[in-house]
Amino acid sequence: MIAASFFFSIMSLLVKIAGERLPSAEIVLARGLVSLVLSYLLLRRRRISPWGNRRGLLALRGVFGFGGLYCFYYAITHLPFAEATVLQYTSPVFTALLAALLLREGLGGRLLASLAFSLVGVVLIAKPALIFGTPSELGSVAVMVALGGAISSAFAYVVVRRLRKTEDPLVVVFYFPLVAVPLTIPAVWDVFLWPTPLEWLVLLGVGVTTQIAQVYMTRGLNLETAGKATSVGYIQVVFAAILGASFFGEIPDFLSIGGAALVVVGTLAVSYRRARPPSESGARSS
């Protein structure tokens, strides 16, 4: 999940660059096409049927994934880089709650404490006007879209967790662009802009980095409970701060640094697992 967060951060950076001129729907379509081709080639290489067993749930995962992706790309092109990333990463809270309601996964004390640490860190980084009393430069529509994307992503994560026993991770990844591409075409029809050569490379990078991140994320959700696995994704907030400073000259202040520290503490706490005896570890690996 940490590896997935890293590649999602690189993807977000490329989306921000592409979104300076191209509409967000076009970026979603380009990402979907690249991922569709890569997923299909990987499935053929491993000789796995792409259609899966529970096609209804797989299609539902694609719908929720498309909603989360479209909203996030809209937010990343209409909001500052760090703020859009922070809003997207409220999704672990919704994921943990939905998993408790729909999958009956427990909300342990350590998980709740880790979520609390991470959420406080997110607030310190975002500095919302309601708490800090400073005028907010974030558009209310873009903020609502970003939060809607976080909720849609949470539903997608829960569905992925539900599919872990019946579907290969590559099949789950394949259904994402399989559903997203047809849904995106109507939105692109009237706003399409022909990319420049550099923008073609950036769009290709969006697709490739997202594909890598999706594979890591799906694997992580297969190995761990949905709430715990997606909570580790809070580390992407730290990656966003580093990339923002490196590429946009956004130097974090002390509150942001303190918030990033809390995110790291929460991430490490939620991912910590005590060592198992050798016999138990061997039984699990088999």
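The table below lists the values:
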quantity: For the chain, calculated [θ]222 nm from helices alone, where every DSSP H run of n ≥ 4 adds -39500 (n - 2.57); calculated: -25000 deg cm²/dmol
quantity: At 0.692 mPa s and 37 °C, Stokes D of the chain from Kirkwood alpha-carbon radius, µm² per second; calculated: 170 µm²/s
quantity: Environment charge at LEU22 (Cβ cut-off 15 Å; Lys +1, Arg +1, Asp -1, Glu -1); calculated: -1
quantity: Candidate lysines - alpha carbon under 23 Å from LYS165, same-chain residues fewer than 8 apart omitted; calculated: LYS228
quantity: For peptides 87-93, 213-219, 159-165, 142-148, sequence by mean Cβ density within 10 Å, most packed first; calculated: 87-93, 213-219, 159-165, 142-148
quantity: Cα centroid separation, region 140-180 to region 77-124 (Å); calculated: 15 Å
quantity: Ranking of ARG61, ARG54, ARG47, ARG110 by count of other Cβ atoms within 10 Å, fewest first; calculated: ARG47, ARG110, ARG54, ARG61
quantity: Peptides ranked, highest mean first, by Cβ atoms within 10 Å: ranges 15-24, 183-192, 62-71; calculated: 62-71, 15-24, 183-192
quantity: Student exercise, the chain dipole from Lys, Arg, Asp, Glu Cβ charges, in Debye to nearest 20; calculated: 1440 debye
quantity: For the chain, with +1 on Lys and Arg beta carbons and -1 on Asp and Glu, the positive-most of VAL263, LEU98, PRO23 along the dipole; calculated: LEU98
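Throughout, read-outs are computed from the coordinates displayed, never taken from laboratory work. Small disclaimer: the values here were computed from a predicted structure and weren't measured. Here Cβ is always computed from backbone atoms with ideal geometry, including for glycine, and neighbour counts include all displayed protein chains.
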